[in-house]
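Throughout, read-outs are computed from the coordinates displayed, never taken from laboratory work. It should be emphasised that the depicted structure is a prediction, and the values quoted were computed from it without experimental measurement. Cβ sites come from the backbone with ideal geometry, for glycine too, and all protein chains shown count toward neighbours.
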Amino acid sequence: MNEPVFIAGTGVISAIGNNVTECLDALENGRAGIGPMTRLDSVHKNRLPVAEVKLSNEELASRTGLPAIKSRTALLSLAAAQEAIRHSGIEDLAAWRCGFISANSVGGMDKTENFFREFIADNNKGQLHDVVDHECGSVTELVADALGINEHVSTISTACSSSANSIFLGARLIRNNILDVVIAGGTDSLTRFTLNGFNTLMILDEQFCQPFDENRRGLNLGEGAGYVVLVSEKVAATMKHKPEIVLSGYCNANDAYHQTASSPDGTGSYLAMSGALKKSGLQPSDIDYINLHGTGTQNNDIAEGTAIKRLFEPTYPKMSSTKTFTGHTLGASGGIEAVFSVLALQHGVIFPNLRLQTPMKDLPFRVTTELEKGVSLKHVLSNSFGFGGNCSSLIFSKI
Amino acid sequence: MYIRATGNISPQKTFGHSALAEAPVAYTGNRLACIEPDYKEFIDPKLIRRMSRIIRMGVAAAMECLKEADIKMPDAITTGTAYGCLEDTNLFLGRMVEFNEELLTPTAFIQSTHNTIGAQIGLMLQCNNYNNAYVHRAFSFENALLDAVMLLREKEAAHVLVGAIDEIVNPSFTILNRFGIYKPGDVSNLELYKANTKGTIAGEGASFFALTAEPSGNDYAKLEGLHTFYKPAGLAATEKQISGFLQRHAVSMQDIDLVITGRNGDAAHDEPYAQLTQSLFGQTQQLNFKHLCGEYPTASAFGFWLAARILKTGNIPELLQASAAKPVKRVLLYNSYKGSHHSLSLLAAC
């Protein structure tokens with residue numbers, strides 16, 4: 001039950017790059033992907049900046065082989081999942097018990113919201129192919145089918161912590177000897193549904209977000225997908241380059257405070273982080289870097305920060321929110337940030353928390369604002385918290 | 001693993017732990033709606049008003065289950081829903097389109113996320129423990145159940161609250177109907193399997209279970225095995241999956257007293273069941289359940305409840321209008337959905 005689970009490959013697509021190499025380059029050079037809305041057709045176009053993936057659906061379709069009329073959520077997912085599998089170097093997935101576990105928050109909503117324009121006016125109108133993949137699970141299946149994976153296919157949706165939970169589940173399926181290889185992570189494309197939802201909550205920043213800043217105003221929404229290829233020790237032993245990073249800890253806890261707001265003391269965040277440490281057998285002082293949930297909302301950053309203070313005081317690890325680059329990619333964020341955490345370990349880098357002007361007064365620590373290279377990192381903690389009080393933390397370790 | 005308690009809101013009188021009705025509730029038409037209880041006993045009236053129907057149903061079924069289990073704080077909560085909170089989703093989406101992204105309020109959006117029911121249960125119980133939501137079509141319930149089974153095996157939990165919830169609302173019914181999923185006209189649910197025509201009837205439900213690692217001496221049933229398979233190549237592949245599952249759990253069809261099947265009245269969908277009756281299931285009594293709850297992606301949770309209920313007494317409730325050929329000690333639940341999602345659960349009397 002406690003055998004190591006290795007990270008054999010990573011794949012990512014986000015506003016800062018269409019693959020791992022491009023994303024790493026942007027992270028190391030401080031290039032954020034946030035900007036004016038160009039693809040999403042919304043009345044809030046000129047007011048709310050977003051972090052869009054630069055490729056059109058047609059471009060994603062020609063790269064992945066999926067038809068361009070399919071949900072952008074599936075197109076993004078397939079692009080990142082294909083890269084993760086390629087990168088893993090596993091030649092024959094079919095030789096193993098292989099699963100695909102994905103996460104998303106609103107499935108094929110990008111198509112459904114177009115369908116609804118006609119459907120509302122006349123219930124006999126609207127193209128059915130626009131709603132055929134509305135279900136979250138349907139988006140996952142489009143990708144699983146394209147990848148040829150059918151042994152185990154699953155979808156998780158716990159709002160913004162979704163894909164941290166899918167990675168965590170993947171590791172448990174391996175440890176329970178149900179699967180040998182799992183491609184796990186998540187995806188979300190920008191939709192008017194989500195943009196307007198967050199807009200009604202008044203937590204969207206009209207400027208570029210400033211997580212962990214005293215004067216932070218909210219978050220910028222983003223889109224993308226991120227996956228890791230998890231393998232058992234048995235699979236790792238057959239690989240030419242034995243993977244050097246393991247998922248050493250994980251925990252899912254619930255804040256049980258409010259449907260959307262975090263408790264002021266960050267109970268859920270604290271329980272998730274401390275639970276992940278316990279699972280990995282590590283002490284707080286062993287953590288070298290925290291990839292923060294760090295959305296930039298008043299509520300999240302003080303709750304997360306307070307929980308970090310309670311757990312790590314007086315010695316703090318390096319910390320930053322890469323949402324300053326990618327925006328908040330919701331159901332994809334745990335997957336994308338898992339890939340970034342692995343990159344930090346592989347390359348010995350701490351990514352900067354961009355645009356910080358005034359550190360938060362109520363917190364005793366500072367986030368990292370400049371790229372740090374040549375750092376010896378052994379353990380990285382990645383936080384993902386969401387609506388419904390869902391809080392999950394993952395720990396990646398170098399062996 | 002043991003099923004200690006259940007809570008089930010369905011189109012039948014299944015809620016509450018009194019004796020089941022003698023006859024099934026008859027419906028005419030292609031849509032079965034849940035019979036909702038008086039929620040006041042389970043939920044604070046102030047909260048009820050704010051909750052949409054699916055949240056109320058899910059929370060009430062969960063509370064009823066925990067009450068019967070005498071568990072105040074479950075070690076984990078896992079839920080499955082394929083469609084999620086459709087009423088709130090439709091409300092927010094409809095207004096957004098109608099008012100061109102203006103004049104929107106957050107309530108419907110907040111409650112539209114797929115983890116809302118698990119989250120609301122956690123919130124009501126002040127439960128900080130593990131909480132996860134599965135949304136994979138007709139595997140949603142099975143995936144939530146598998147998570148619970150693993151948590152018990154890992155000794156991360158001693159008891160887990162597992163549930164499945166799906167609702168049907170007007171716009172979604174209209175859209176699904178346009179796909180030709182449901183039988184047209186005045187269908188009787190009691191005649192569902194006789195028509196031999198295309199289409200099924202729509203249903204919904206909220207079914208919760210308390211799954212525990214240790215027996216209590218008063219459990220419904222023991223869960224011996226769980227398996228899902230996706231898009232089998234054909235009948236031979238399905239048979240291989242079923243035989244393989246039985247073999248892994250060291251049982252043969254002779255050891256099974258009852259097969260509960262996911263027939264839904266659609267001629268093409270039900271054809272493989274007829275073929276299995278010629279082969280694997282030939283010597284075993286079979287029972288259908290979707291005339292009681294209708295077809296929906298997490299309907300297998302109703303079947304799971306039925307299996308547990310039968311195993312508790314060893315008899316088939318009169319509601320099913322069938323009698324057991326012998327005392328029922330072991331049940332195989334085999335559900336399929338749209339030919340692509342298949343699940344098997346093996347349950348035994350305690």
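Counting only other residues whose beta carbon sits under 15 Å from that of A:GLY126, what net charge do I get with K and R as +1, D and E as -1?
Here the count lands on -3.
Would you mind getting me the FRET efficiency between B:HIS249 and A:LYS378? Use the beta-carbon distance for r and R0 = 45 Å, nearest 0.05.
Approximately 0.60, to the nearest 0.05.
Sum up the charges of everything whose Cβ sits under 11 Å from the Cβ of B:LEU346, counting Lys and Arg as +1 and Asp and Glu as -1, but leave B:LEU346 out.
+1
Once the principal axes of the Cα atoms of the protein assembly as shown are found, what is the range along each, listed largest first in whole angstroms?
75, 57, 50
Please name which of A:SER269, B:ILE256, A:PHE385 has its Cα lying farthest along the dipole of the protein assembly as shown towards the positive end, using unit charges on Cβ (Lys, Arg +1; Asp, Glu -1) and the Cα centre as origin.
B:ILE256
Would you mind getting me the FRET efficiency between B:LYS198 and A:MET239? Use the beta-carbon distance for r and R0 = 45 Å, nearest 0.05.
Result of the calculation: an efficiency of 0.35.
By the gyration tensor of its Cα atoms, with a ≥ b ≥ c the square roots of the eigenvalues, what is the shape of region A:334-399: rounded for a/c under 1.5, prolate for a/b over b/c, or oblate?
In terms of gyration-tensor shape, oblate.
Mean Kyte-Doolittle hydropathy of 0.5 or higher plus an axial Cα length of 15 Å or more: which whole DSSP H helices in chain A meet both?
Taking the DSSP H segments of chain A (at least 15 Å long, mean hydropathy at least 0.5), we get A:136-147, A:162-175, A:333-347.
Could you name the lysines whose alpha carbon sits less than 24 Å from that of A:LYS54, not counting residues in the same chain fewer than 8 places away?
A:LYS45, A:LYS70, A:LYS111, A:LYS323
Taking the Cα-to-Cβ direction at B:SER18 and at A:GLU206 and moving 7 Å from each Cα, how far apart do the two end points lie in nm?
Each label point is offset 7 Å from its Cα along the Cβ direction, giving 5.9 nm.
Using the Kirkwood radius over Cα pairs, work out the Stokes-Einstein diffusion coefficient for region B:1-126 at 4 °C and 1.567 mPa s, in µm²/s as a whole number.
So the translational diffusion coefficient is about 79 µm²/s.
Which translational diffusion coefficient, to the nearest whole µm²/s, is obtained for chain B from the Stokes-Einstein equation, given a Kirkwood hydrodynamic radius over C-alpha pairs, 25 °C and 0.890 mPa s?
120
Principal axes first, then extents: for the Cα atoms of chain A, list largest minus smallest coordinate on each axis, whole Å, largest first.
In descending order, the Cα extents are 63, 52, 39 Å.
Could you list log10 I(q)/I(0) for region A:220-272 at q = 0.16, 0.20, 0.23, 0.31 Å⁻¹, which the Debye formula gives when each Cα is one point scatterer?
Rounded to two decimals, the profile gives -0.77, -0.87, -0.93, -1.13.
For region A:131-201, go through all pairs of different Cα atoms, get the mean of 1/r, take its inverse, and jot down that Kirkwood value in Å.
The answer is 13.7 Å.
Using helices alone, what [θ] at 222 nm do you get for the protein assembly as shown, with -39,500 (n - 2.57) per DSSP H run of 4 or more residues, divided over all residues and rounded to the nearest 500?
Calculated from helices alone, the mean residue ellipticity at 222 nm is -10000 deg cm²/dmol.
Using every Cα-Cα pair within region B:117-268, state what percent have a distance larger than 20 Å.
Of the Cα pairs, 65 percent sit more than 20 Å apart.
Rounded, prolate or oblate: which one fits region A:6-237, using the alpha carbon gyration tensor with axes a ≥ b ≥ c (rounded when a/c is under 1.5, else prolate when a/b beats b/c, else oblate)?
oblate
Which entries of A:LYS279/A:LYS318; A:LYS398/B:LYS155; A:LYS373/A:LYS398 have Cα-Cα distances beyond 25 Å here?
In this structure, A:LYS398/B:LYS155 lie more than 25 Å apart at Cα.
Let me test this: with uniform point scatterers at the alpha carbons of region A:281-363, what is the Debye-based log₁₀ I(q)/I(0) at q = 0.16, 0.24, 0.26 1/Å?
After summing over all Cα pairs, the log10 values are -0.65, -1.41, -1.51.
What longest region of chain B stays clear of trypsin sites (Lys or Arg not before Pro) that DSSP places outside H, G, I, E and B and that have at most 10 other Cβ atoms within 10 Å?
Longest site-free region, per DSSP loop and neighbour criteria: B:195-350.
Which of the trypsin sites (Lys or Arg not before Pro) found in region A:175-242 are loop residues per DSSP with 13 or fewer other Cβ atoms within 10 Å of their Cβ?
Of the trypsin sites (Lys or Arg not before Pro), the ones in loops of region A:175-242 whose Cβ has at most 13 other Cβ atoms within 10 Å are A:LYS240.
Could you state, as a whole-number percent, how many of the C-alpha pairs of region B:221-348 are farther apart than 19 Å?
43
For each of A:ILE203, A:ILE7, count neighbouring Cβ atoms within 10 Å of the residue's Cβ, then give the residues from fewest to most.
The fewest-first ordering by Cβ neighbours comes to A:ILE203, A:ILE7.
Most exposed first by the Cβ proxy, i.e. fewest other Cβ within 10 Å, how do A:GLU113, A:GLU3 rank?
Fewest-to-most Cβ neighbours within 10 Å comes out as A:GLU3, A:GLU113.
Per-residue mean of other chain beta-carbon atoms within 10 angstrom of the beta-carbon, peptide A:264-273?
Partner-chain Cβ atoms within 10 Å, mean over residues of A:264-273: 1.
Students often get this wrong, so check it: of B:LYS194/B:LYS290; B:LYS231/B:LYS312; B:LYS222/B:LYS329; B:LYS240/B:LYS290; B:LYS194/B:LYS329; B:LYS67/B:LYS290, which have C-alpha atoms separated by over 22 Å?
Beyond 22 Å: B:LYS231/B:LYS312; B:LYS240/B:LYS290; B:LYS194/B:LYS329; B:LYS67/B:LYS290.
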